[in-house]
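The values are calculated or read from the model by the stated rules, or taken from the named source; none is laboratory data. Computed from a predicted structure; not experimentally measured. We place every Cβ from the backbone using ideal geometry, glycine too, and count neighbours over all the protein chains shown.
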Amino acid sequence: MCRNIRPLFNFEPPASSDEVRAASLQFVRKVSGFPKPSQANQVAFDRAVDEVSMAVQGLLDSLVTAAPARDREVEAEKGRARARRRYEQQSGALRQARES
């Protein structure tokens, strides 16, 4: 569930409120164990997402760094390259297991 939570600090352009909310939603899903809460838990779930979003936005607004802002596209390409390597390794391991 939490694979979609990405670093949000020190990017150009800064993280949008939608990105903060998406990360908050993933966090609450993971902590609660509910990918989608029941109707009985929906209000509490939504309130938690709102509270986590506010806390995350407050954190991002208060953090400081001397490092240059990272480029989102460059970081995304690095992630895609890591995924390709991981899948290639998994494919190779599966082929070896089948050949054995």
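Scanning segment 3-21 for residues that are in a helix (DSSP H, G or I) and over 11 Å from residue 56 (Cα atoms) yields 3, 4, 18.
Each residue in segment 54-82 was checked for being loosely packed, with under 10 Cβ neighbours inside 10 Å and of a type in the set (Gly, Ala, Ser), and 3 of them qualify.
Reported count of residues in segment 22-48, each being without any contact (Cβ under 8 Å) to a residue 12 or more places away in the chain and not in a helix (DSSP H, G or I), is 5. Being modelled with pLDDT of 90 or more, part of a helix (DSSP H, G or I) and among the hydroxyl-bearing types (Ser, Thr, Tyr) holds for only one residue in 53, 91, and it is 53.
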